[in-house]
Structures are given as structure tokens and as C-alpha cells.
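A.B. asks: Sharing a structure, written as C-alpha cells. Questions coming.
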Amino acid sequence: MKEALLHFIWRYQLVHPDRLETTNGDIIEIIHPGTYNKNESADFLDAKIKIGELIFVGNIEIHINSSDWRKHQHQHNKKYNNVILHIVYNDDEPLENVPTLELNGKIPPYILQQYGQLMQSKLPVPCQFDWKNLTRLEQVAFQDRFILERLNNKSKKILMTLQYCNNDWLQTKYALLLKYFGGNVNQFGFTELATRLDYKILIKHADNLFQIEALLFGTAGFLEDDIQDNYYENLKKEFQYLQRKYNIVSLKKTIWNFMRMRPASFPTIKIALLAALIHASPQLYQMQHIENAQVFLANITASNYWDRHYQFGKESNLLVKHIGKSSIHALLINYNIPLFYTYQTTFEQKDVLQTCIEYYETLPFEQNHKIKYFKTNISKPSALDSQVLIELYDAYCSPKRCLDCPIGFKILKNKHFQRQELIRNA
């Protein structure tokens with residue numbers, strides 16, 4: 001038994017109303033259960049209840065055991081002076097001056113049973129088999145809430161980056177672009193690269209692709225070897241000059257990962273493509289709108305040297321290097337849309353959420369290890385659906401916040417909800 005479950009039960013009045021009485025035998029009639037309070041003070045504020053023949057207006061406090069009142073030192077806290085009802089599961093230490101409602105035996109058994117199954121399940125998504133029992137209309141009804149939560153969570157992180165960048169939006173866009181440009185495997189390396197190389201330096205040399213490559217590869221730590229390759233040697237000389245000029249401290253090359261990766265995803269290729277992107281749009285104007293960004297990114301190609309290389313000094317078959325479709329979609333989903341949402345909401349633009357939803361709907365459904373746990377019945381899924389499922393997994397399923405989830409609410413409230421598959425697989 002958890003106190004959060006008792007909060008949930010009282011908040012949604014999932015108790016037998018004909019069994020409500022105080023431990024002294026006085027009948028309780030609920031006029032208003034109160035407003036749920038997650039801050040300091042009582043759990044429910046401004047409740048209105050009738051006990052016997054008297055009507056009380058005030059706050060309600062909930063505990064597993066009535067002895068928790070003393071353990072939490074509420075008797076010494078003035079914020080609990082206006083408590084009109086103490087709700088507990090076990091009345092092990094009755095209070096003298098506050099009426100007590102003991103819920104043991106008053107909660108419908110199916111709620112306790114289904115809550116126990118959710119909490120004890122070893123599945124990554126405890127309700128994964130229940131998801132497909134939701135109608136498409138019900139799933140759509142949840143989408144706006146979850147996508148708004150996901151965008152707000154991403155926006156908070158972006159604003160933290162903005163603060164770290166001294167409220168410089170361009171520096172923020174640069175830092176975020178590098179974070180997501182390298183993909184998951186080398187995200188740390190690209191994030192560190194953004195901290196070592198000020199974007200203002202790149203802007204100064206934006207008209208010279210060779211110098212941008214020298215700055216990026218040199219700061220990344222790739223120009224410290226002795227490789228018999230004319231292009232490599234020229235880049236190395238150029239970076240040595242620029243490094244002295246700007247006091248750049250290079251990263252260690254060992255932070256970059258090449259193992260178990262397709263050559264097209266090597267960090268060297270990613271950096272070459274990043275250099276081409278910055279050369280083509282130094283102020284990142286072409287990245288501001290989804291439609292423009294998609295076409296712009298599809299036309300980015302690495303410099304000629306990389307047509308026959310994946311790493312310095314190792315020649316390969318001829319292949320022009322460009323940004324793949326999956327990488328473009330990942331950038332639009334994880335970089336462009338959250339940044340657009342953050343920028344627009346910061347400056348109080350209207351209809352931002354709806355615009356983001358429309359953007360997500362134009363992009364394909366993502367393949368993610370978190371998504372596979374949901375047994376859905378979506379016929380034509382888009383990135384909107386995958387982002388909703390990822391948010392569900394991250395914010396609710398993984399930490400088992402079933403009581404805060406509308407799907408968990410539906411499962412716990414509906415005693416007819418089918419859970420046989422979950423029981424078999426728990």
C-alpha cells in the first residue's frame with residue numbers, strides 16, 4: 001500500500017460512498033473532496049464534508065497509518081490546524097481532535113488488485129497489453145496532453161542551455177545542433193565539441209569550408225596524428241595556426257566511437273557534413289522552419305575528399321557523403337520542433353502546439369526500443385504517435401507513475417478492463 005494510491009482513490013472518489021463513516025461511527029457525506037495539493041501543507045485543500053449533522057469546510061490529510069501524523073510532526077505545524085478529516089488505511093493511533101476515516105475494507109477490491117498487478121509487473125510497460133484495448137479515439141484524446149508534456153520538458157532543457165549560453169539564441173542553436181547531429185553514440189563528443197569551439201569563431205570563417213573543417217576536426221582531436229595524406233597535413237597546418245590564434249583546447253580523440261557503427265555514421269563523416277552545413281548556412285537560417293530545413297539538409301554533401309574516405313588516410317570506394325533520411329528526420333524531431341516550440345512560446349506566439357503537432361504528423365513513425373513495448377492498433381502512425389509513446393515510457397511507465405497517467409486511471413477505475421495477458425506475462 002502506498003500513500004499515493006490513497007490520494008488517487010480520494011481524488012477520484014473511488015470508494016464505496018455508503019460505507020463512509022468516522023472511526024467513531026459518524027456518517028460522512030462528501031460535498032466536495034477538496035483540491036489536490038502537491039505542495040507543503042495538507043493533501044487536499046478547501047474540502048467540504050458533512051459529518052453527522054455538521055458541515056465542515058477545511059483541509060484533508062491522508063496517511064497510510066494514523067500514527068504517521070505524529071511521525072511527520074504535523075501536531076507542531078500550524079499548516080495542519082485546519083484539517084477537518086484524517087484519512088488513513090490503518091487507524092493504529094487514533095487522533096483526539098481530528099475525525100478519522102479508515103479506508104481499510106472500503107476500497108473496491110478490483111482497484112487494489114489491478115494496482116498491485118501494475119506495481120508488481122516486471123514488464124517495462126506494465127500496461128502494454130491494455131494499450132491495444134483503448135480505442136483510437138481514446139488514444140488521440142491523450143495525445144495532446146503527452147505531446148505538450150514532452151515539448152515542455154524539452155523546452156526546459158533548451159532554456160537551461162540558453163541560460164548557460166548567456167541568453168545567446170544563436171549559440172544555443174549551435175550547441176543543440178551539435179548535440180543531436182552526431183546521433184546517440186557520439187552525442188557526448190559533439191556536445192563537448194560545442195563547448196570547446198565558440199560558434200562566433202566558425203562564423204568568422206564561414207566563407208571558407210576548408211577552415212571550418214580544420215576548426216572542427218582539430219578541436220575534435222582528429223588532427224594530432226602523423227598521417228601521410230596531403231589533405232590531412234594541410235588541415236593540420238591550418239588548425240595549428242587557428243588554434244594559436246583563438247587559444248583552442250582540443251578534445252582527446254579517444255572520446256569518439258567507431259566500433260559497431262556503419263561507416264556512414266562515423267564521427268569523421270558527421271563532422272565533415274556538419275562543416276558543410278555551417279558553410280552553407282552560418283546563421284542557421286535554413287534550419288528555422290521544418291519545410292525549409294528538410295530540403296536544405298537533404299542537399300548537404302561533404303567536401304570532395306570524403307567522396308573516397310570515411311577516415312583520414314584510408315581510401316575507399318567512390319561515394320558522395322550526404323545526410324541520410326533517418327538522420328534528417330531525427331534532427332527535425334529532436335532539434336527543430338522542440339527549438340521552434342521553445343522560441344515561439346518564449347515570445348508568446350499563438351497556436352504553437354498545434355503547429356508542432358502538424359509538423360510531427362508529416363514525419364515518419366520512429367523505430368525505438370521503448371516503443372516496441374506498446375501493443376498498439378495505430379493504422380497510419382507518424383512521429384506524433386512515437387513521440388507520445390516515448391513520453392509515456394520515460395515519464396510514466398519506467399518510473400511506474402501509473403496513478404498520474406490517464407491510461408493507468410482508466411485501468412484502475414474500470415473493473416471490467418481486461419488484464420489477462422498482463423497477468424500471464426507479469
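What follows is calculated from the coordinates using simple rules that are stated; it is not laboratory data. Keep in mind that this is a model prediction, so the values were computed, not measured. Glycine also receives a Cβ, built like all others from the backbone with ideal geometry; neighbour counts cover every protein chain displayed.
A.B. asks: Over its Cα atoms, what ratio of radius of gyration to 2.2 N^0.38 Å does the chain give?
C.D. replies: Relative to the 2.2 N^0.38 Å estimate, the chain comes out at 1.31.
A.B. asks: Lys/Arg Cβ at +1, Asp/Glu Cβ at -1, dipole of the chain taken about the Cα centre: which of P126, P109, I203 is farthest positive-ward?
C.D. replies: Toward the positive end, the furthest listed residue is I203.
A.B. asks: State the dimensionless ratio Rg/Rh of the range 1-67 (Rg: radius of gyration of Cα atoms; Rh: Kirkwood radius).
C.D. replies: 0.94
A.B. asks: Which Cα, out of L85, I227, A298, lies furthest along the positive dipole direction of the chain (beta carbon charges, K/R +1, D/E -1)?
C.D. replies: Checked the options; the winner is I227.
A.B. asks: Next up: On a C-alpha basis, how far is the centre of the range 299-317 from the centre of the range 253-289 in Å? Whole number, if you could?
C.D. replies: 13 Å
A.B. asks: Also: As I understand it, the dipole of the range 317-381 uses +1 on the Cβ of Lys and Arg and -1 on the Cβ of Asp and Glu, about the Cα centre. Which of S379, L363, V352 lies farthest toward its positive end?
C.D. replies: Of the candidates, S379 comes out farthest on the positive side.
A.B. asks: Something else now. Compute the separation of the alpha-carbon centres of the range 213-230 and the range 112-152 and state it in Å as a whole number.
C.D. replies: Using only Cα atoms, the two centres lie 49 Å from each other.
A.B. asks: While we're on this one: Just the Cα atoms of the range 51-128: what Rg and Dmax do they give in Å?
C.D. replies: Calculated on Cα positions, Rg and Dmax stand at 16.2, 50 Å.
A.B. asks: Could you give the size of the charge dipole of the range 226-334 about its Cα centre, using +1 on the Cβ of each K and R and -1 on the Cβ of each D and E, expressed in debye and rounded to the nearest 20?
C.D. replies: 320 debye
A.B. asks: In debye, nearest 20, what is the charge dipole magnitude of the range 3-107 about its Cα centre with +1 on Lys and Arg Cβ and -1 on Asp and Glu Cβ, if you could check?
C.D. replies: So the dipole magnitude of the range 3-107 works out to roughly 340 debye.
A.B. asks: Assigning unit charges at the beta carbon (Lys, Arg +1; Asp, Glu -1) and nothing else, what dipole magnitude in debye, to the nearest 20, does the chain show about its Cα centre?
C.D. replies: The dipole magnitude comes to about 1100 debye.
A.B. asks: While we're here: Show that you can apply the helix-only estimate: for the chain, add -39,500 (n - 2.57) for every DSSP H stretch of four or more residues, divide by all residues, and state [θ] at 222 nm to the nearest 500.
C.D. replies: That comes out to -13000 deg cm²/dmol.
A.B. asks: In degrees, nearest 10, range 0 to 90: what is the angle between the Cα axis of helix 187-196 and the longest Cα principal axis of the chain?
C.D. replies: Its long axis makes an angle of about 70 degrees.
A.B. asks: Give the lysines reachable from K236 as a straight Cα distance under 24 Å; neighbours fewer than 8 places away on the same chain don't count.
C.D. replies: K200, K204, K245, K252, K253, K270, K314, K321
A.B. asks: Shifting gears a bit: By counting other Cβ atoms within 10 Å of each Cβ, how are R11, R262, R308 ranked from fewest to most?
C.D. replies: R262, R308, R11
A.B. asks: Right, another one. Hey, fewest Cβ within 10 Å first, where do T355, T268, T195 land in order?
C.D. replies: Neighbour counts put them in this order, fewest first: T195, T355, T268.
A.B. asks: Taking the number of other C-beta atoms within 10 Å as the exposure measure, put M160, M287, M1, M259 in order starting with the fewest.
C.D. replies: Listed from fewest to most nearby Cβ atoms, that is M259, M160, M1, M287.
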